[in-house]
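I have placed the structure first, in the form of structure tokens, so that the comments after it can refer back to it.
The values are calculated or read from the model by the stated rules, or taken from the named source; none is laboratory data. Because the structure is a prediction, the values reported are computed rather than measured. Counting neighbours? That spans all protein chains shown, and the Cβs are built from the backbone with ideal geometry, glycine included.
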Amino acid sequence: MHYRTMTINDYEAAIALWSESEGVRLRDADSREGIERYLLRNPGLSFVAEVEGNLVGTIMAGHDGKRGYVQHLLVSGAHRRLGIATRLVNLCLKALESEGILKSHLMILPENKAAQKFWANQGWAYRSDILLYSYVNGDNHNV
């Protein structure tokens, strides 16, 4: 298993992995341009796992200067339960810590029970004391 920083050159393989996974909702913001902008704004915080040059796992992270935000943690079905997701999470959190970010958040779709169990087992706490509001600036509700 080879772990490295994610680059925009990983986009096609990553989007294929994300598209085939249940519990993931892709939006227009996940376009090549959107992901490239995200990676450039948050250098060195997103990672991939490869086997023989084939992408089998991803995690993306960014921060606002105070809090980290983790997203798109995915491992291909054939490579699950091998510790890959845990290793990707640890790489990501270490990179965020090196930026001075000590607390991070993530969002999970309510129907994604596997993700809820994984993150709880990783020590992440479900928050019921806050509500998430979103605003769409424009007419495209798939941004």
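Conditions (1) in contact (Cβ under 8 Å) with a residue 12 or more places away in the chain; (2) part of a loop (DSSP other than H, G, I, E, B); (3) of a type in the set (Gly, Ala, Ser), marked per residue:
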{"residue": "Cys92", "(1), (2), (3)": "yes, no, no"}
{"residue": "Phe118", "(1), (2), (3)": "yes, no, no"}
{"residue": "Gly123", "(1), (2), (3)": "no, yes, yes"}
{"residue": "Tyr126", "(1), (2), (3)": "no, yes, no"}
{"residue": "Ile130", "(1), (2), (3)": "no, yes, no"}
Test: residue in the stretch 118-141 that is touching a strand residue (DSSP E or B) at 6+ places or on another chain (Cβ under 6 Å) and modelled with pLDDT of 95 or more: no
Residues being surrounded by 10 or more Cβ atoms within 10 Å (Cβ to Cβ) and under 22 Å from Gly62 (Cβ atoms) - total across the stretch 117-139: 4
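Per-residue answers, yes or no, for (1) in contact (Cβ under 8 Å) with a residue 24 or more places away in the chain; (2) more than 22 Å from Trp124 (Cβ to Cβ):
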residue	(1), (2)
Ala16	no, yes
Arg41	no, yes
Asn54	yes, yes
Gly62	yes, no
Thr86	yes, no
Glu111	yes, no
